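Colleague: Quick one: structure below, then a few questions.
The values are calculated or read from the model by the stated rules, or taken from the named source; none is laboratory data. Note that the coordinates shown come from a computational prediction; the quantities given were computed from them, not determined experimentally. Neighbour counts are summed over all protein chains in view; Cβ atoms, including those assigned to glycine, are modelled from backbone coordinates with ideal geometry. Only protein heavy atoms, including side chains, enter the accessible area calculation; ligands, DNA and RNA are left aside. Shrake-Rupley method; radii C 1.70, N 1.55, O 1.52, S 1.80 Å.
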Amino acid sequence: MPQNEYIEEHQRRHGKRLDHEERMRKRAAREVHKASAVAQKTIGLKAKMLNKKRRAEKIQMKKTLKAHEERDVKKATTSSDPDTALPTYLLDREGQKDAKALSSAVKERRKDKAARYSVPLPQVRGIAEDEAFKVIKTGKRKQKGWKRMVTKPTFVGESFTRKPPKLERFVRPMGLRYKKAHITHPELKASFNLPIVSVKKNPQSPLYTQLGVLTKGTIIEVNVSELGMTTTTGKVVWGKYAQVTNNPENDGCVNGVLLMSS
Amino acid sequence: MSGIKASIAPVPTANDFLDIVLSKTQRKTPTVVHPGWKITRIRSFYSRKVMFTKDTFNEKLDAILSDFPIMDNLHPFISSLLNVLYDKNHYKLALGQLNTARHLIEQVAKDYVRLIKFGDSLYRCKQLKRAAMGRMATIMRRQKDPLAYLEQVRQHMSRLPSIDPSTRTLLICGYPNVGKSSFINKVTRADVDVQPYAFTTKSLFVGHMDYKYLRWQVIDTPGILDHPLEEMNTIEMQSITALAHLRSAVLYFMDLSEQCGYTIEAQVQLFNSIKPLFANKPTILAINKIDVMRLDQLDPERAALVRSIVEESEGKVKMVELSTYTEEGVMDVRNLACDTLLASRIETKMKGTKINSVLNRVHVAQPKARDDVERKPFVPEAIASGERKKFDLNDPERRRTEKDEQEENGGAGVFNIDLKRNYMLENDEWKYDVIPEIHEGKNIADFVDPDILEKLEALEREEEKLEAEGFYGDSDDEGSMLDEEEEAIRSAAAAIRSRQERAKALSQDKNKNKHLSQVPRKFQNRTLSQMAERMTAIGVDPSSVMARAELLAKAKGLSGKRKRGGDEDDEEQMDEVDSEEAWEDEAEESMDVDEDEDAGSSRRKARKSNEGSRAIVSSGVTTRLRSSTTALTNKSGGRISARAGPARVPARDRSSMGLRNSEQRDKSIRLHELSIRDRNREAKAGESDRKIKEKKPKWLFAGKRGKGTASHR
Ligand SMILES: Nc1nc2c(ncn2[C@@H]2O[C@H](COP(=O)(O)OP(=O)(O)O)[C@@H](O)[C@H]2O)c(=O)[nH]1
Ligand SMILES: [Mg+2]
């Protein structure tokens, strides 16, 4: 009965086959042909997936090759970190680079200023009422049509209680209510699952804002107390605005980006 | 307390896992959906996909979770061995992670199925399904590390030696290099590597051997160094685990030659430090390599040190010497170890409470003597006295056997001994009689009857007796005695029989001809003369019926007709009568609405038109007619029906039109028959045969409308 590392043991005792290396080499050489045969034969979804994988592999391979090549090529030593001190007449080149950096910094700042009044998604697709609302027929003979059901995800405050059915014009179904959103901090480049506090503005219409409909581009207020942000005066910030960046009705979740200017 | 499963199914990597699950969804759920479908159908299409994916994930993860053993449920030895090898915490964590992944996936599926219920278009439902699968995939991709770890564990586990913790076990332990592996190689077939450096053996090895008709398990362990338990590495810990958890005989190996690289003092020290593990186990101190150094050759101080082990243990430890190199004492060590283990196992069993339940049931029966007669075993006289000679091949006086004869005549294959010679039959002459096994296609063994001769004799005697009594005597005298009466009876009987035959044949024919088309009775051609014949045949006098029929015919005004056809014979006349009658009938029927007075003239007209061609006329008596003249039925109640014919007669017979005379007509018929003869002979389709020009006309089977279940096409 073979036990423990019996394969290694056998190889240690009796060695490998005499043509082992040769076979390995040949197998490796055959591999590309095999892969090619498979690639030529596959069709449909499998082919799509395979091609995607191959493409990624090829890109990676090219990158590594390039990296190797770059290492091999002898480049003229850059002046960025010279071994010896530079003569004074050459220092201004360095300065020029700095100037460039400066100008880009200025540009950046300008952009920032503009950003104060802009949001990541300045424009959104309009959503008609009959897309967002479904007419619910009421009445004994189902002949009345004044009641609407919101078919988009909504945020409903905690203290909300439904009106009596006779007076309730808009129904927001439980299945489409969201309490939390995945918010990305643009500077930290990290996302957090934060509780929604309120819907600040839905660009589609004030009615949607009132109803708390969450569509792409909606500005929501989120509870950022988890992140431990502070104002310049040192107070802890707990509410911050964020914009919804995805279509929650398609994705089943609310993603957004934190608006740093607010 | 279950063991490890013999073979755990391979654990795929996270990526493979995804491929397997998602392609299964693709294969096993419907793939065609149309935006035009009812929204509920679209929703269920997509939620089915989500649920199916979840189920597949669930099934696969469950399989992994149930395949891998739960450490706490295993035998303590296996459990702690796995702990040493794979780290219990890590193992539990990996399985736990998979379990949570399973729950998360279930949650995701639940959420998204709920959301799909609100999907209002195909696009939305599809996006939701996509999102659901994406989230499941993300969860699964995060399980990359646990899956990889479990796969490694699986591979290692499958190579673990199968150690049975409860059987009789010898456990070999000691410092590295003292000759433990050499010993197990000597006593079992385990092929453990032996090398002159420490830690050649890195894990437990098991071998099996037989002793006293029992199966023994020998376990070789890696060497142990003398340091605290916390400092021991995985290799040493395996030995410690085995020592701690297996109920076995322990063989502690020592090397007095110090070739192993450890001093005798160190070895004694190790024994003392791991002594707690030997408690309640038969322990043997095996001193190896005596070909190099014996205990006697050792200087007295150190020998005393070694002996002190035995002395301190108060007889629990036994010392033996061996050399695996010269094989001196190897078997002694084995036997001693096995015997002590067996003794101790029995002892512990006796101590336990279980033994009583067995002992209570054991009963050895001792028969009581019923009288004073002594019943000794029987030994034949010749043997008891020793008279009988023993068989000796070279003894000239010994009995000749068939084998001797065979050898003399050329040996086996050349000469065959005479099997028939020793047949035991009544008569020796019969021995060589040839008896075929099969005679005339019959197995004669089936017909062998030992009493056949007696039976034959009895039969013959009876025959003789019957002959003597004149039983067979005057049979031929009576042949001429048949008188007329008997003749008549016989002929009648023959007639009856033949009639029965015919009836039988008829009824059988009826069955046979079921599928053939039959001429309806109405159209069958029957004449009055036929009827008369039949009636005479069954013995009824038809004369009155015939007279009546003629009378009726006359009454119908057929007398003129009779005059016309005066030279024709009676039967033909009758035919004519019938035909006329039928014709009349037909005419009458067709003119039912008209008044009766017209009937006669119309009848005549019809008759005129029919002249020249022989009228084929339908049955003479219709229901209407019969209702008026009941006399038309005969005695037996049957209808007097005459020849049958088509109900409708064409006004003009076109077959004879354009033909000058009957000769020409005959000729035309003959020519026609000639022209179709060849074709008929080959059974070819003619012009008049039904023909479907195109079986599948394009307009009926092509187009957008599918197979065409619509009835209006
Ligand atoms: N002279 C001699 N050498 C032995 C004897 N038994 C084992 N050896 C040697 O001791 C070395 C270690 O043996 P091994 O069985 O691998 O010891 P283990 O590490 O305890 O399993 C090997 O080189 C053996 O040849 C013996 O009885 N006499
Ligand atoms: Mg060894």
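Colleague: Picking from A:LYS189, A:LYS201, A:LYS163, A:LYS240, which residue would you name as being more than 14 Å from chain B (Cβ to nearest Cβ) and crowded, with 18+ Cβ neighbours inside 10 Å?
Modeller: Among A:LYS189, A:LYS201, A:LYS163, A:LYS240, only A:LYS240 is more than 14 Å from chain B (Cβ to nearest Cβ) and crowded, with 18+ Cβ neighbours inside 10 Å.
Colleague: Here's a follow-up. Please find, among B:VAL218, B:VAL192, the residue that is within 14 Å of another protein chain (Cβ to nearest Cβ), within 12 Å of ligand 1 (Cβ to nearest atom), open to solvent by less than 40 Å² (accessible area, probe 1.4 Å) and at negative phi.
Modeller: Step by step, each of B:VAL218, B:VAL192 is checked, and only B:VAL192 is within 14 Å of another protein chain (Cβ to nearest Cβ), within 12 Å of ligand 1 (Cβ to nearest atom), open to solvent by less than 40 Å² (accessible area, probe 1.4 Å) and at negative phi.
Colleague: Also, I was wondering about something else. From the list B:GLU230, B:GLU236, pick out the single residue that is within 14 Å of ligand 2 (Cβ to nearest atom), assigned to a helix (DSSP H, G or I), surrounded by fewer than 23 Cβ atoms within 10 Å (Cβ to Cβ) and more than 14 Å from chain A (Cβ to nearest Cβ).
Modeller: B:GLU236
Colleague: In addition: Looking at this structure, is B:GLU151 more than 14 Å from chain A (Cβ to nearest Cβ), out of contact with any Lys or Arg (no Cβ under 7 Å at 6 or more places or on another chain), farther than 30 Å from B:GLY36 by Cα and open to solvent by 60 Å² or more (accessible area, probe 1.4 Å)?
Modeller: The answer is no for B:GLU151.
Colleague: For segment B:216-225, give me each residue that is farther than 15 Å from B:THR169 by Cβ and more than 9 Å from ligand 2 (Cβ to nearest atom).
Modeller: Listed by number, the residues that qualify are B:ILE224, B:LEU225.
Colleague: Would you confirm, using the coordinates I've provided, whether B:ILE163 is crowded, with 20+ Cβ neighbours inside 10 Å, touching a strand residue (DSSP E or B) at 6+ places or on another chain (Cβ under 7 Å), within 14 Å of chain A (Cβ to nearest Cβ) and touching a residue at least 40 places away in the same chain (Cβ under 8 Å)?
Modeller: The answer is yes for B:ILE163.
Colleague: For segment B:653-678, which residues satisfy the criterion of being at pLDDT below 85 and surrounded by 10 or more Cβ atoms within 10 Å (Cβ to Cβ)?
Modeller: B:ASP653, B:SER655, B:SER656
Colleague: Here's something else I'd like to know. Here are some residues: B:ASP291, B:ASP299. Which one is away from every other protein chain (no Cβ under 14 Å) and either of a type outside the set (D, E, K, R) or more than 16 Å from ligand 1 (Cβ to nearest atom) (or both)?
Modeller: B:ASP299
One line per residue, one yes/no per condition, for (1) of a type in the set (S, T, N, Q); (2) within 16 Å of ligand 1 (Cβ to nearest atom):
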| residue | (1), (2) |
| --- | --- |
| B:LEU160 | no, no |
| B:THR167 | yes, no |
| B:ASN185 | yes, yes |
| B:PRO228 | no, no |
| B:CYS260 | no, yes |
| B:GLN267 | yes, yes |
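Colleague: Is one or more of the residues making up segment B:245-258 farther than 15 Å from B:CYS173 by Cβ, open to solvent by less than 10 Å² (accessible area, probe 1.4 Å) and away from ligand 2 (no atom under 14 Å from the Cβ)?
Modeller: yes
Colleague: Test A:LYS216 against the criterion of being within 14 Å of chain B (Cβ to nearest Cβ) and modelled with pLDDT of 90 or more, and give yes or no.
Modeller: Spelling it out, A:LYS216 is indeed within 14 Å of chain B (Cβ to nearest Cβ) and modelled with pLDDT of 90 or more.
Colleague: If you go through segment B:195-211 one residue at a time, how many are farther than 12 Å from B:GLY223 by Cβ, more than 7 Å from ligand 1 (Cβ to nearest atom) and either surrounded by fewer than 16 Cβ atoms within 10 Å (Cβ to Cβ) or not hydroxyl-bearing (Ser, Thr, Tyr) (or both)?
Modeller: 7
Colleague: Something else: Starting from residues that are surrounded by fewer than 10 Cβ atoms within 10 Å (Cβ to Cβ) and more than 14 Å from chain B (Cβ to nearest Cβ), keep the ones in segment A:1-36 and report whichever is nearest to B:THR201 (Cα to Cα).
Modeller: The extreme case among them is A:GLY15.
Colleague: Across segment B:273-296, which residue is nearest to the chain's Cα centre (by Cα) among those that are open to solvent by 60 Å² or more (accessible area, probe 1.4 Å) and not hydrophobic (A, V, I, L, M, F, W, C)?
Modeller: B:ASN280
Colleague: Hey, can you tell me all the residues within segment B:136-160 that are β-branched (Val, Ile, Thr) and touching a residue at least 40 places away in the same chain (Cβ under 8 Å)?
Modeller: Residue satisfying the conditions is B:VAL153 alone.
Colleague: Working only within segment B:202-215, note down all residues that are away from ligand 2 (no atom under 16 Å from the Cβ) and in contact with a helix residue (DSSP H, G or I) (Cβ under 6 Å, 6 or more places away or on another chain).
Modeller: Correct list: B:MET209, B:TYR211.
Colleague: Kindly check whether there is at least one residue in segment B:57-67 that is open to solvent by 60 Å² or more (accessible area, probe 1.4 Å), free of Cβ contacts under 8 Å to residues at least 12 places away in the same chain and within 14 Å of chain A (Cβ to nearest Cβ).
Modeller: Within segment B:57-67, none of the residues are open to solvent by 60 Å² or more (accessible area, probe 1.4 Å), free of Cβ contacts under 8 Å to residues at least 12 places away in the same chain and within 14 Å of chain A (Cβ to nearest Cβ).
The rows are residues; the columns are (1) within 14 Å of chain A (Cβ to nearest Cβ); (2) buried (at least 19 other Cβ atoms within 10 Å of the Cβ); (3) among the polar types (S, T, N, Q).
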position	(1), (2), (3)
B:LYS92	no, no, no
B:GLY96	no, no, no
B:ALA101	no, yes, no
B:ARG114	yes, no, no
B:ASP120	yes, no, no
B:ARG124	yes, yes, no
B:LEU128	yes, yes, no
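Colleague: Now, a different point. Take the residues in segment B:177-201 that are within 10 Å of ligand 2 (Cβ to nearest atom) and aliphatic (A, V, I, L, M); name whichever of them is farthest from B:GLU328 (Cα to Cα).
Modeller: B:ALA198
Colleague: Those residues that are among the aromatic types (Phe, Trp, Tyr) and either touching a strand residue (DSSP E or B) at 6+ places or on another chain (Cβ under 6 Å) or surrounded by 10 or more Cβ atoms within 10 Å (Cβ to Cβ) (or both), I need them from segment B:401-458; list them, please.
Modeller: Those that are among the aromatic types (Phe, Trp, Tyr) and either touching a strand residue (DSSP E or B) at 6+ places or on another chain (Cβ under 6 Å) or surrounded by 10 or more Cβ atoms within 10 Å (Cβ to Cβ) (or both): B:PHE415, B:TYR423, B:TRP430, B:TYR432.
Colleague: Same structure again: Quick one: would you say A:GLU57 is open to solvent by 70 Å² or more (accessible area, probe 1.4 Å) and within 12 Å of chain B (Cβ to nearest Cβ)?
Modeller: Considered against the rule, which asks whether it is open to solvent by 70 Å² or more (accessible area, probe 1.4 Å) and within 12 Å of chain B (Cβ to nearest Cβ), A:GLU57 comes out as no.
Colleague: Scan segment B:153-176 residue by residue and report those that are under 18 Å from B:VAL333 (Cβ atoms) and within 16 Å of ligand 2 (Cβ to nearest atom).
Modeller: Within segment B:153-176, B:LEU170, B:LEU171, B:ILE172, B:CYS173, B:GLY174, B:TYR175 qualify.
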